[in-house]
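Below is one structure, written out as structure tokens; comments come after it.
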Amino acid sequence: MRILLVRVAADTRYMSAMYKVVRMEPLSLEYLGAAVKDDHDVKLFDMRLEGGWDELRQLIETYDPQVVGTGGDTCEASACKRVLSTAKSVNRGILTVVGGIHATAMPRDFLHPDIDLVCVNEGVFAFREIIEQLEAGGSFKSIRGIAANEGGIQHLAPPRPMSDLNTLPFPDRSLTADLRDKYGFSLWGKHLALMRYTQGCVGRCDFCPSWAQTDGRYLRRTVESVIAEMKAIKEPYIYFVCEESLLDTKLSLALAKAVEEERIGKRFGMPLRADTIVNKPHVIEAWAAAGLEDTIVGIEQADDQLLLDRDKTTNVRDNIEAMKILKANHVNCTGSMFFRPDFTKEQFERLVAHTVEMEVDCPQYFILTPIPGTKLFDKAKAELVEHNFDLWDFNHAVMPTTLPLVKFYEEYMTAYQTHLHPFVVQFYQRKLAKMTPQEIDEEMDGLLGFREVFGALHEDHEEYAGPAMP
Ligand code: B12
Ligand code: SF4
């Protein structure tokens, strides 16, 4: 059977600019490919690199797949629908399947005449079963975790229990062999691979869909399994696609030790909670010795009450302490902060001043967005003003703002002037100093891409007059 997996590219101005700076390997699709590759012919098409809608259509015509699968974030949902509509317009007989975080949180948004199946949550084994059923001419309705669309009705099967991460096959990175040197995250390095090491979080933040995906559990892989996958990865840098990588102290220390003993010799990036860093400085130290270079920490707010409003269990003191520990270990921190739609000018300024005081190496600001699948989505449902999911990219206000929208966006863009502060400039310099002239050359499009992202956002905000009136 011929199976085509498509990594979508949303057409919006922000996402188009973003894909040039942050373009990671399509790990989810590499996992799905691994699930079926032994018995089938699988092709992966990455629209961020290989072509747009015309090229996709041509590929479907020539490759003639029996199955087309895709998936993405909420702001990529309409692009996913267009991928599957393109497939159906070439051949209505193609089985079209969508998965990913948006499909998981809101399968009904994919009740669409050109979509046959929606995969809720982990897709490796579900996808394998889909292909088996298709071959056998059986029914998809009995596959756990699958929503089958039929005659305008969606039949949602019972949920699929989360898979033990150790039972998953390794992602099939041969599917992206020709594209691998184009994947990366500017500054972290162009030659970068993603790896799933743990999944889930002990936090219950109201704006986060991740903990609900695992029913609040924290799933992890064994040291042996992680090391075996690392050995097969060619790239010098690995980013862990966890929600929080080092919650399990014993495992984290054992893995750091194994990375050193096995001479893995990679650089690492991973997301961490501030309280993990504060409560386990020895784990950070061990990982810094094993190659940890970058982390993303959800600092979010400058006031304890505002953190509590979001059900965060970390506080401002944790954030300040965490930053000191990271600096002492020479681990760079990308700090993630959000502006609430009800922020006043003073609150914007306070949060920005706080990140400057803490000297967050690479401050990253977002707009609080009640993404589907979160407690915040349920709370904010009645208030939503922007229903176009293309704009649910964490860079547009989808709830009413207290400041006039134009002012709100002005404050938002002003926040990024933090990047001119000496401690951020030093962070860029540190990163560049580690690159060879050839790497800097390769990186230039990514580095200039940052300016393009901000420029695109600025234009977007200037033009955007607010949600369309009903
Ligand atoms: C690592 C990560 C990143 C990395 C890399 C992301 C990337 N896509 O390249 C970085 C840091 C760059 C990043 C950036 C962003 N991210 Co991000 N990211 C994550 C994180 C932590 C893990 C994602 C991951 O790789 N998981 C591992 C893979 C293997 O799992 P998976 O993608 O879920 O795929 C499995 C299933 O979903 C399913 N499946 C997936 N696709 C398909 C398709 C088919 C056909 C089938 C059958 C099944 C299926 O099977 C797969 C295998 O089991 C998630 C949190 C989370 N819980 O998902 C946030 C998350 C996905 N990110 C989020 C966001 C908003 C973003 C940004 C838009 C932020 C921004 N404005 O800059 C960008 C845009 C990224 C993009 N789309 O290009 C949100 C999305 C919310 C939403 N509903 O839209 C999340 C959920 C974070 C959050 N807590 O809110 N991100
Ligand atoms: S700490 Fe981070 S990953 Fe954990 S629930 Fe909160 S936002 Fe989600």
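The values are calculated or read from the model by the stated rules, or taken from the named source; none is laboratory data. Everything numeric in this text was worked out from a predicted model, so none of it was measured. In this analysis, Cβ positions are derived from the backbone assuming ideal geometry, glycine residues included, and neighbour counts consider all displayed protein chains.
What number of residues within segment 307-354 satisfy the criterion of being closer than 21 Å to Lys379 by Cα, touching an Asp or Glu at 6+ places or on another chain (Cβ under 9 Å) and in a helix (DSSP H, G or I)?
Summing the residues that are closer than 21 Å to Lys379 by Cα, touching an Asp or Glu at 6+ places or on another chain (Cβ under 9 Å) and in a helix (DSSP H, G or I) in segment 307-354 gives 2.
Scan segment 429-449 and tell me whether some residue there is outside the structural domain of Met18 (by TED's automatic domain parsing), outside any helix (DSSP H, G or I), modelled with pLDDT of 90 or more and of a type outside the set (Val, Ile, Thr).
We begin by selecting, within segment 429-449, every residue outside the structural domain of Met18 (by TED's automatic domain parsing); these are 429-449.
This time we only want the ones that are outside any helix (DSSP H, G or I), so: 434-436.
Next cut, modelled with pLDDT of 90 or more only: none.
No, segment 429-449 contains no residue that is outside the structural domain of Met18 (by TED's automatic domain parsing), outside any helix (DSSP H, G or I), modelled with pLDDT of 90 or more and of a type outside the set (Val, Ile, Thr).
On the given criteria, is Ile115 at pLDDT 95 or above, more than 21 Å from the chain's Cα centre (by Cα), assigned to a helix (DSSP H, G or I) and more than 16 Å from ligand 2 (Cβ to nearest atom)? Before you say what the answer is, go through the steps one by one.
Numbers: at pLDDT 95 or above: yes; more than 21 Å from the chain's Cα centre (by Cα): yes; assigned to a helix (DSSP H, G or I): no; more than 16 Å from ligand 2 (Cβ to nearest atom): yes.
Considered against the rule, which asks whether it is at pLDDT 95 or above, more than 21 Å from the chain's Cα centre (by Cα), assigned to a helix (DSSP H, G or I) and more than 16 Å from ligand 2 (Cβ to nearest atom), Ile115 comes out as no.
Quick test of your reading of the structure: Glu76 fulfils all but one of (1) more than 14 Å from ligand 1 (Cβ to nearest atom); (2) acidic (Asp, Glu); (3) surrounded by 24 or more Cβ atoms within 10 Å (Cβ to Cβ). Name the failing condition by number.
(1)
Out of curiosity, is Ile115 out of contact with any Ser or Thr (no Cβ under 9 Å at 6 or more places or on another chain) and either under 23 Å from Glu30 (Cβ atoms) or outside the structural domain of Pro65 (by TED's automatic domain parsing) (or both)? Reasoning before the result, please.
Values: out of contact with any Ser or Thr (no Cβ under 9 Å at 6 or more places or on another chain): no; either under 23 Å from Glu30 (Cβ atoms) or outside the structural domain of Pro65 (by TED's automatic domain parsing) (or both): yes.
So Ile115 fails the test.
Exactly one of (1) within 16 Å of ligand 2 (Cβ to nearest atom); (2) in contact with a strand residue (DSSP E or B) (Cβ under 6 Å, 6 or more places away or on another chain); (3) among the hydrophobic types (A, V, I, L, M, F, W, C) is unmet by Leu306. Its number?
Failing condition for Leu306: (2).
Counting only residues that are within 17 Å of the chain's Cα centre (by Cα) and among the small types (Gly, Ala, Ser), which one in segment 190-228 is nearest to ligand 1 (Cβ to nearest atom)?
Ser210
Residues being touching a Gly at 6+ places or on another chain (Cβ under 8 Å) and surrounded by fewer than 22 Cβ atoms within 10 Å (Cβ to Cβ): count how many of those fall in segment 60-73.
Of the residues in that region, 2 qualify.
Looking at segment 407-439 only, could you name the residues that are surrounded by fewer than 14 Cβ atoms within 10 Å (Cβ to Cβ) and among the aliphatic types (A, V, I, L, M)?
If the condition is that a residue be surrounded by fewer than 14 Cβ atoms within 10 Å (Cβ to Cβ) and among the aliphatic types (A, V, I, L, M), then Leu420, Val425, Leu432, Ala433 are the ones that fit.
For the condition more than 16 Å from ligand 1 (Cβ to nearest atom) and crowded, with 19+ Cβ neighbours inside 10 Å, what is the one hit in Leu308, Leu351? Spell out the reasoning first.
On the way: Leu308 fails: crowded, with 19+ Cβ neighbours inside 10 Å.
Being more than 16 Å from ligand 1 (Cβ to nearest atom) and crowded, with 19+ Cβ neighbours inside 10 Å holds for just one of Leu308, Leu351, which is Leu351.
For segment 1-57, which residues satisfy the criterion of being within 10 Å of ligand 1 (Cβ to nearest atom) and either without any contact (Cβ under 8 Å) to a residue 24 or more places away in the chain or of a type in the set (S, T, N, Q) (or both)? Talk me through it step by step, then tell me what you get.
Step one: filter segment 1-57 for residues within 10 Å of ligand 1 (Cβ to nearest atom), giving 3, 5-10, 14-15, 18-19, 21-32, 34-35, 48.
Hit for segment 1-57 is Ser28, nothing else.
With respect to Glu346, determine if the residue is farther than 17 Å from Gly203 by Cα, surrounded by fewer than 22 Cβ atoms within 10 Å (Cβ to Cβ), in contact (Cβ under 8 Å) with a residue 12 or more places away in the chain and in the same structural domain as Pro370 (by TED's automatic domain parsing). Full working, then the answer.
Details: farther than 17 Å from Gly203 by Cα: yes; surrounded by fewer than 22 Cβ atoms within 10 Å (Cβ to Cβ): yes; in contact (Cβ under 8 Å) with a residue 12 or more places away in the chain: no; in the same structural domain as Pro370 (by TED's automatic domain parsing): yes.
No; evaluated as a whole, the condition is false for this residue.
Which of the residues spanning segment 195-254 are among the aliphatic types (A, V, I, L, M) and away from ligand 2 (no atom under 16 Å from the Cβ)? Please lay out each step first, then the result.
Going through segment 195-254, the residues among the aliphatic types (A, V, I, L, M) turn out to be 195, 202, 212, 219, 223, 226-228, 230, 232-233, 238, 241, 246-247, 251, 253-254.
Passing the criteria: Met195, Val223, Val226, Ile227, Ala228, Met230, Ala232, Ile233, Ile238, Leu251, Leu253, Ala254.
Test each condition in (1) surrounded by fewer than 22 Cβ atoms within 10 Å (Cβ to Cβ); (2) touching a Leu at 6+ places or on another chain (Cβ under 7 Å) for Gly138 and report the one that comes out false.
Failed condition: (2).
One residue is enough: does segment 361-378 have a residue meeting the conditions away from ligand 1 (no atom under 16 Å from the Cβ) and of a type in the set (A, V, I, L, M, F, W, C)? Explain how you work it out, then say what you get.
Let us first name the residues in segment 361-378 that are away from ligand 1 (no atom under 16 Å from the Cβ), namely none.
No: zero hits.
Give all pairs with beta carbons closer than 7 Å in which a residue from segment 435-457 that is of a type in the set (Gly, Ala, Ser) meets a residue that is modelled with pLDDT under 80; count only pairs at least 6 apart in sequence or on separate chains.
Going by the 7 Å Cβ cut-off, the qualifying pairs are Gly446/Ser186; Gly446/Lys190; Gly449/Ser186.
Check off (1) assigned to a strand (DSSP E or B); (2) more than 9 Å from ligand 1 (Cβ to nearest atom) for Val83 and give me the number that stays unchecked.
(1)
So Pro107 ticks every box in (1) more than 10 Å from ligand 1 (Cβ to nearest atom); (2) on the phi > 0 side of the Ramachandran plot; (3) within 19 Å of the chain's Cα centre (by Cα); (4) not assigned by TED's automatic domain parsing to the domain that holds Arg430 but one. Which box is left unticked?
The single condition Pro107 does not satisfy is (2).
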